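The values are calculated or read from the model by the stated rules, or taken from the named source; none is laboratory data. Everything quoted here is computed from the prediction, not taken from an experiment. Counting neighbours? That spans all protein chains shown, and the Cβs are built from the backbone with ideal geometry, glycine included. The protein model used for the area step is the full one, side chains on, heavy atoms only, and it has no ligands, DNA or RNA in it. Shrake-Rupley method; radii C 1.70, N 1.55, O 1.52, S 1.80 Å.
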Amino acid sequence: MMKMVSEIKRLSGGRCLIELEDGSSFPLYTRELAVYGIEEENELPENVYGQLMQEILPKRARLKAMHLLEKMDRTEYQLRSRLISLSYPECIVEDAVSYVKQYHYVDDLRYAVSYMEFRKDKKSMRQVLQELRLKGVSSEILEEARQQVELPDEEHQIRSWIEKKHYVPETAGKKDTDRMYRFLVGKGYSISAITHVLRTEIL
């Protein structure tokens with residue numbers, strides 16, 4: 001079945017977006033338009049469309065995914081989002097993500113464990129977990145990762161922040177204490193841990 005090209009939009013990096021009348025779209029390099037005979041308001045032969053969707057674009061997206069992961073480690077969500085931003089169709093994106101997953105080039109559990117280990121001594125675990133959620137890591141994987149990481153000493157971290165902020169519990173007024181509480185809560189520490197440390201410091 002022939003597909004009609006409704007519009008060709010210019011993208012960055014010498015690429016363009018081919019929009020079809022059925023609402024679907026896919027990216028190609030501008031120089032490839034002539035190679036595949038693609039023009040606005042012209043039909044796109046089924047064999048050309050099949051070659052693009054089954055050979056050209058899947059291979060290109062897989063290579064792009066590997067290149068992105070070589071530059072920096074990413075979660076599955078981050079990788080998928082980046083490929084979508086490059087205008088690849090959903091089916092092509094899923095193929096590329098599945099491809100790199102099978103070789104563990106992208107591995108959310110490995111990413112989460114590494115992320116926790118690197119930051120656990122500088123941030124509260126609650127804050128670290130929230131950052132990982134924003135990166136698209138599932139609750140199940142986060143729980144599994146936590147089992148592999150030695151939890152940080154939150155009270156030690158709180159004492160370090162108190163020292164950095166030059167907060168002296170013995171002489172601090174209510175306004176200073178409230179400000180310190182809000183700061184520590186914002187860092188993800190529990191009220192019970194904060195209260196215990198401040199009371200211990202006073203004693």
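If the condition is being part of a loop (DSSP other than H, G, I, E, B) and among the acidic types (Asp, Glu), then segment 150-203 contributes Glu150, Asp153, Glu170.
Yes or no: segment 89-107 includes at least one residue that is in a helix (DSSP H, G or I) and under 15 Å from Arg15 (Cβ atoms). Yes, some residue in segment 89-107 is in a helix (DSSP H, G or I) and under 15 Å from Arg15 (Cβ atoms).
Per the conditions (1) crowded, with 17+ Cβ neighbours inside 10 Å; (2) farther than 23 Å from Gln78 by Cβ; (3) among the polar types (S, T, N, Q), the sole criterion not satisfied by Thr171 is (1). Residues that are part of a loop (DSSP other than H, G, I, E, B) and under 23 Å from Lys64 (Cα atoms) were ranked within segment 1-37; the one that is most open to solvent (accessible area, probe 1.4 Å) is Arg31. For segment 10-29, a tally of residues being among the charged types (D, E, K, R) and under 27 Å from the mean Cα position of the chain (by Cα) returns 2.
Taking each residue of segment 69-83 that is surrounded by fewer than 17 Cβ atoms within 10 Å (Cβ to Cβ) and looking for partners that are assigned to a helix (DSSP H, G or I) with beta-carbon atoms closer than 6 Å, six or more apart or interchain, yields Asp73/Tyr111; Arg82/Leu68. Within segment 38-60, track down each residue that is among the basic types (Lys, Arg) and loosely packed, with under 15 Cβ neighbours inside 10 Å. The one that is among the basic types (Lys, Arg) and loosely packed, with under 15 Cβ neighbours inside 10 Å: Lys59. Being in contact (Cβ under 8 Å) with a residue 12 or more places away in the chain, open to solvent by less than 20 Å² (accessible area, probe 1.4 Å) and in contact with a Ser or Thr (Cβ under 7 Å, 6 or more places away or on another chain) narrows it down to one residue among Val106, Val137, Val149; which is it? Every option except Val137 fails the conditions. Residues considered: Leu129, Leu142. Of these, the only one that is assigned to a helix (DSSP H, G or I), among the hydrophobic types (A, V, I, L, M, F, W, C), open to solvent by less than 90 Å² (accessible area, probe 1.4 Å) and within 23 Å of Val197 (Cβ to Cβ) is Leu129.
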